[in-house]
Structure formats: structure tokens, C-alpha cells
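All of the numbers you see were taken from the coordinates with simple rules; none came from a lab. Everything quoted here is computed from the prediction, not taken from an experiment. Note that we place each Cβ from the backbone using ideal geometry, even for glycine, and neighbour counts take in every protein chain shown.
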Amino acid sequence: MKGVKGAKCQPPAAPPAGEVLTELFPCTPFDKAFANRWAPEHQLLSADHSHVSLSLDRSSAPGVGFQSTSAYVSGLFSGAMKLPGNPYTAGVVISFYLSNADIFPNEHDEVNFSLLGRIPGEEFILQTSIYANGSTDTGREQRIRLWFDPTKDYHHYTIVWTSKHIVFYVDDTPIRELSRAMVKEQYPIKKMFVYGTIWDGSNWATNGGKFTANYTYAPFIAEFSHFVSNGCKMKSPTTMQLNHNQDSSIDCDCEFNLIPAKLNRYQRRSISWVQQNYMTYNYCDDSQRYPKTLPECLPLPDAEL
């Protein structure tokens, strides 16, 4: 059969329509949920506390960032980000993530959005990663290209973390889900803080470290806005610690009713759309790094398809 001449088949310009999740919650003023953590003199907060700029240059390296004032055990956490528009941003990493490395340095958990800088002619890459109980050798990283230019406008990056699953959203489009049932004890359940950072990841971020940060192009400015912190806080965060057998939603102070318990078929279709058209790296396909297939990468039994 002869091929049909014409333009190459291109993926749709936008993901399948889905529920607008971030509009279900009010914005959280920066000063009500966050505080400067690294290089505060390189952070500029707007008068209405809705917007913060982080500026990375040679004097603020290795990084600039803020941290939530509370630790959470579940919730929905979102920030709109606009990335540096400098012609060269290789080696620069802009992150919005959950972590407890300061509390549990030897068995820390992390749920991470990282946007990796680019050389001229290329594009930012979005990496999501998940660590649990200090298993930093198992980062469960996925990388995708974006279907928009993240330097031109603000876009929402959202993490939903419950006792059942973790879901990453970009502009309310789910791009990835990890089920607790699939990974068992390798699932983050201990309390975590929320962070926003810009930092120098020269040794790995762009083409595996081939291109490093060049501060003649500085400052690199990351803009954060439209925060949502709808999380469940520990009632006694200094004395309580969840162990691996406890449910991460217990002993909470917040209402969780508006966060869907599971994804619908349209949202699952969105994940498939992203992964089929935009994924550039999936840890499940990396047999050199993971010669033994990880549990969540195994094919589902026929009964579950």
C-alpha cells in the first residue's frame, strides 16, 4: 500500500477538554502560606502578595527559593509560573515541588515539577519525578515537551497528593498519575513542605550536563503567581510522624471534598494524549537504569484492562 502524500500528521494543538480543577479553590496569598527560604534579597513580592519573582545570577547561585510555612500530609498545591525568556537558559532549573528532605534527610519523600533550561533553538523540557523513603536511586522520572511556550505567559502547574494517588496537572490537563496501590511502600506518605525555586543544575539539567549555566545571560527570572494551597496540615507537626502503615489523610485540618477521588475517562485520555505526543523520556522504558521492571511499569492483567 502506497503512502498518502501530504503534510505529516501532527498532534492536536491542545489537550482534550477536561475539568478546570484550579478554579474550584481560592488563590492563596503568598504571605499566608509561604516565606522566603534561599537568597531572599533576590525575591520580589508584589504589593498584593499574589506574585513573587525569583532572580538567579552569579551572586544568588546556587539557587533562590521559597518554602511553605506549614507541612502537609495531602492536598492540592498549585502555582502559575512564567519562565525566563533569556535566549540561553541551559543549566537553569525552575521547580515547584513537595519535599521533606529537611525533616527526614535519610528517608525523604519528594513530588517534583522541574522545568529544564534550554539552548537557543530548543525548548524547555518538563520533568516530573517522585521519590519515597529516601529511594533517590528510583526517581521515577518522566520528561515531556510542552504544547505551548512557557516563557510567553503564566501556566498552572498542579500537584494532587492523596492517600490513593498522585496526579500532575499542567493547566488542568493531567499529564501523569501514580497509584499508591502500584508502588506499595514506595509511595510518599510523610508530611511535606511546598517549595518554589530557581537554581543552577548545570551538572545534569540540559542534555545531561553538556550545556551549563552561562551567567553572561543573567539574570534569569522566574515568575510565580496564582498560588493554591489546599492541603491537610498535621495538627501537631513537631511531634507527629506518619509511619508507612498509616493513611496520609488522617488528623487533618482541611476539607478535601472538592478534590476528585479518581480520574475520569476524559482525564485518562488527556494523560494518554500527552504521553503519546509529547513524552521524551519515561523511566519505565529505561532498561539500563532499571533492568528489573518496576511494579507500576508491568502490563496490567487482562482483567484490569
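The relative contact order of the range 54-203, computed from alpha carbon pairs under 8 Å that lie at least 6 residues apart in sequence, is 35 percent. Computed 3J(HN,Hα) for the range 26-38, one whole-Hz value per residue from the Karplus formula 6.51 cos²θ - 1.76 cosθ + 1.60 where θ = phi - 60°, is x, 5, 9, x, 3, 6, 8, 9, 10, 8, 4, 10, 10, glycine and proline marked x. Give LYS32/LYS262; LYS32/LYS210; LYS152/LYS210 a once-over and call out the pairs whose C-alpha atoms are over 32 Å from each other. Beyond 32 Å: LYS32/LYS210.
Shown in residue order for the range 147-154 are the 3J(HN,Hα) couplings computed by the Karplus curve 6.51 cos²θ - 1.76 cosθ + 1.60 at θ = phi - 60°: 8, 8, 8, x, 8, 8, 7, 7 Hz (x for Gly and Pro).
Taking amide H as placed 1.01 Å from N in the peptide plane, the amide H of CYS232 sits under 5 Å from that of VAL73, SER74, GLY75, each at least 5 places away or on another chain. Backbone phi angles across the range 171-188, fed through the Karplus curve with coefficients 6.51, -1.76 and 1.60 (θ = phi - 60°), yield HN-Hα couplings of 6, 6, 9, x, 10, 6, 9, 10, 8, 4, 4, 7, 10, 6, 6, 8, 10, x Hz in residue order; Gly and Pro are listed as x.
Distance between the pseudo-spin-label points of HIS49 and ASN106 (7 Å out from Cα toward the beta carbon): 3.9 nm.
Of the GluC sites (Glu not before Pro) in the range 161-241, the ones in a loop by DSSP (not H, G, I, E or B) with at most 12 other beta carbons within 10 Å are GLU185.
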